[in-house]
Amino acid sequence: MKKNYLTSMIILILNCSSAMAAMEDHCVPLEIKSENKEIILPGPDQPKTNKLYFFENLTEKSIWLDHPVLHPSASAGWSSYLRAGNASALWVGRKNFNISCAVIQPGKVEYLDCAKVISVCVPNEVVYPSSRKGTYWLAEDKPWNDLIKALAKRGVTIK
């Protein structure tokens with residue numbers, strides 16, 4: 001039993017480090033601005049453009065990424081589940097976009113310091129349809145290679 005557990009853990013660690021290496025080949029780590037446990041994404045450099053951000057869960061826990069809103073009933077939900085070692089891609093079309101991180105358990109929400117539990121990077125080069133505007137999740141909670149395939153299905157290519 002212990003042997004199977006140890007083997008499983010070694011395979012998980014190798015898969016995670018392999019995914020992280022693949023992510024680093026296509027992505028530049030972002031210096032994250034943090035405020036009140038939230039991170040603040042700078043957004044696109046030019047008006048009326050978008051910027052793609054990748055998030056990777058660095059913890060052993062599954063976490064929720066969310067964009068706090070002032071009037072929750074007036075906007076769509078931003079919550080996205082991110083399991084340990086997986087990545088998500090967010091398409092951002094506005095400046096200073098906040099993200100919060102939390103672990104949700106029955107009857108309890110534990111807010112985490114996002115800068116410590118996720119890594120954020122931006123791809124070296126992105127090719128995408130010019131009609132792709134707005135701010136939304138392009139792909140969520142996937143191993144790196146599956147994330148890239150999901151983006152390709154939506155017409156987004158990372159170089």
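Evaluate the following for Val69: is it at pLDDT 85 or above, open to solvent by 10 Å² or more (accessible area, probe 1.4 Å) and not small (Gly, Ala, Ser)? So Val69 does not fit the description; no. For region 99-126, a residue qualifies if it is in a strand (DSSP E or B), more than 12 Å from the chain's Cα centre (by Cα) and touching a residue at least 12 places away in the same chain (Cβ under 8 Å), and the qualifying residues are Ala102, Val103, Ile104, Tyr111, Leu112, Pro123, Val126.
Test Tyr111 against the criterion of being within 28 Å of Thr157 (Cβ to Cβ), touching a Ser or Thr at 6+ places or on another chain (Cβ under 8 Å) and open to solvent by 30 Å² or more (accessible area, probe 1.4 Å), and give yes or no. Give the derivation first.
Values: within 28 Å of Thr157 (Cβ to Cβ): no; touching a Ser or Thr at 6+ places or on another chain (Cβ under 8 Å): yes; open to solvent by 30 Å² or more (accessible area, probe 1.4 Å): yes.
Judged against the criteria, Tyr111 is not a match.
Against the numbered list (1) open to solvent by 10 Å² or more (accessible area, probe 1.4 Å); (2) farther than 15 Å from Leu30 by Cβ, Leu58 comes up short only at (2). The number of residues in region 28-55 being surrounded by 12 or more Cβ atoms within 10 Å (Cβ to Cβ), of a type outside the set (S, T, N, Q) and either over 18 Å from Ile148 (Cβ atoms) or modelled with pLDDT under 90 (or both) comes to 11. The set of residues in region 136-147 being open to solvent by 30 Å² or more (accessible area, probe 1.4 Å) and farther than 7 Å from Ser88 by Cβ consists of Tyr136, Lys142, Pro143, Asn145, Asp146. Figure legend. Inter-residue proximity from region 30-42: first residues more than 10 Å from Asn96 (Cβ to Cβ), second residues assigned to a loop (DSSP other than H, G, I, E, B) and aromatic (Phe, Trp, Tyr), beta-carbon distance below 8 Å, spacing 6+ or different chains. No pairs are indicated.
The values are calculated or read from the model by the stated rules, or taken from the named source; none is laboratory data. In this text the structure is predicted, and so the values were computed from the model without any measurement. So basically every Cβ, Gly included, is an ideal-geometry build from the backbone, and we count neighbours across all protein chains shown. To get the accessible areas, we keep the full protein, side chains included, count just its heavy atoms, and leave off ligands, DNA and RNA. Shrake-Rupley method; radii C 1.70, N 1.55, O 1.52, S 1.80 Å.
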